Amino acid sequence: MKKTIRDVDPAGKRVLVRVDFNVPVDKAGAITDDSRIRGALPTIRYLLDKGATVILASHFGRPKGGPEEKYRLTEVGRRLQELLGLPVRKLADCVGPAVKEAVDRAGQGEVILLENVRFHPEEEKNDPGFARQLAELADLYVNDAFGAAHRAHASTTGVAQYLPAVAGLLMEREIRALGEILEDPRRPFLAIIGGAKVSDKIGVLESLVEKVDTLVIGGGMANTFFLARGWSVGKSLSEADEVPVAQRIMERARSKGVEALLPVDVVVASSFSAEAERRVVAPDQIPGDWTALDIGPTSAERFGQAISQAATVFWNGPMGVFELEPFAAGTLAIARAVAAANARTVIGGGDSVAAVEKAGVADQITHISTGGGASLEFIEGKALPGVAALQEK
Ligand code: ADP
Ligand code: MG
């Protein structure tokens, strides 16, 4: 168990909090989804209540090794100030004499937002000198950026060499919810894995087939499983190279007595387009120049049945190209089934979370992970460097 902010006394301390404020923005730079900022509020409020000075650090976008106007955290600071209902002082950099001075002058209950840590290439290199400069701003380090915990960067791991390091409340919630899935799932445990490609999810499939009672496979990756059965999939997205992986997963499921469910029907289209002609066919009947873009209604029904029997459900990866309305039905049906299940339900993966929100059922899910890549690496059973760097209880 990792120490959290509840295990330390932050009163009168300067606390450096690594948050994940890497929010999506539109072309004009307006924030289109502020859930990552909202996600950090409980930790910030807790620390302020206890009498700390809060210094926030985050990355934002992919600047190319120096300051870029569009990757400044100015807009994020404004939104945070609104949500928090307290002044937030946004600085022009994250290290250096001016930053040090501003931080030293700040009193209890103040909130400072450092500029994008990725304006310094040392951040992603996990440079010890840069990590030390960040550490010198504070007396205590809190990591609440679960979404960045799979990266060993200066602000996610390096700084923990120089300061006592504990988890924030969001980090704690993520570790607990995902940890339960791996270590102590209520059974029956069902996982739904979809998305574009088998090659993106090999580790996830291999980890889950060892743990679940039922494995449901949909989305583009199901096509590779169809290939493994010797069927042709026309122009559908598929990976011939990954057929051995698909075979291995199915073989492992058989030998472990895991029920593996593949689609029994698919929605095929004459081209990859919302305007294309569509049909529902059996997966061994995909016409040569058509492409499978969603699971069919019978599959959605069967998957939904299985989900309704489960006590734990983990879902990653949409069932089809849900971004295009004519191919969203399968994914939305699964989202509704997961939401309606009388089970602990956990969802990870950026597109899967978007799908659940699109279905309007996000509030009926037990835990929606804020970490796309990080949640998948966690489920694969990999140690996340940002978690490993925190102190044990
Ligand atoms: P997540 O972000 O939740 O981990 P992925 O990134 O693995 O999910 O997969 C999401 C993508 O998979 C979506 O962009 C979706 O359009 C695509 N996808 C799903 N099914 C298909 C399909 N049959 N053919 C092509 N792409 C698909
Ligand atoms: Mg994705």
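No value in this document is a laboratory result; all are computed from the given coordinates. None of the values given here were measured: they were computed from a predicted structure. So basically every Cβ, Gly included, is an ideal-geometry build from the backbone, and we count neighbours across all protein chains shown.
Worth pointing out:
- Viscosity 0.692 mPa s, temperature 37 °C, Stokes-Einstein D of the chain from Kirkwood C-alpha radius, µm²/s: 148
- Region 5-169 - Rg (one decimal) and Dmax (whole number), Cα, Å: 14.3, 42
- The chain - mean residue ellipticity at 222 nm from DSSP helices (-39,500 (n - 2.57) per run, n ≥ 4, rounded to 500): -10000 deg cm²/dmol
- Ranking of Val25, Val209 by count of other Cβ atoms within 10 Å, fewest first: Val25, Val209
- Shown here for region 168-240: GluC sites (Glu not before Pro) in loop regions (DSSP other than H, G, I, E, B) with at most 15 other Cβ atoms within 10 Å, namely Glu210.
- The residues Val321, Val281, when put in order of fewest to most other Cβ atoms within 10 Å, stand as Val281, Val321.
- Cα-Cα over 27 Å, subset of Lys70/Lys235; Lys235/Lys256; Lys3/Lys50; Lys2/Lys211; Lys358/Lys382; Lys201/Lys256: Lys70/Lys235; Lys235/Lys256; Lys358/Lys382
- HN-Hα J in Hz across region 195-210 - Karplus 6.51, -1.76, 1.60, θ = phi - 60°, x for Gly and Pro: x, 6, 10, 4, 4, 6, 10, 4, x, 5, 4, 5, 5, 6, 4, 7
- With coordinates expressed along the principal axes, the C-alpha atoms belonging to region 177-380 extend over 45, 37, 28 Å, beginning with the largest.
- Around the amide H of Ala274, modelled in the peptide plane, lies no amide H under 5 Å away from a residue 5 or more places distant or on another chain.
- P(r) of region 220-320 over all Cα-Cα pairs, binned every 5 Å from zero, in whole percent: 2, 13, 21, 23, 21, 12, 6, 2, 0
- Two-site FRET efficiency, Glu357 against Lys3, from Cβ-Cβ distance with R₀ of 45 Å, rounded to 0.05: 0.90
- Around the Cα centre of the chain, unit charges on the Cβ atoms of Lys, Arg, Asp and Glu (plus for the first two, minus for the last two) sum to a dipole of about 640 debye.
- Put simply, the amide H of Gly168, placed in the peptide plane, has neighbours under 5 Å in Asn143, Asp144, leaving out anything fewer than 5 places away on its chain.
- Amide H to amide H, with H built 1.01 Å from N, Gly317 comes under 5 Å of Gly194, Ser352, counting only residues 5 or more places away or on other chains.
- Lys70 paired with Asp104, simple spin-label distance in nm, labels 7 Å along Cα-to-beta-carbon: 3.8
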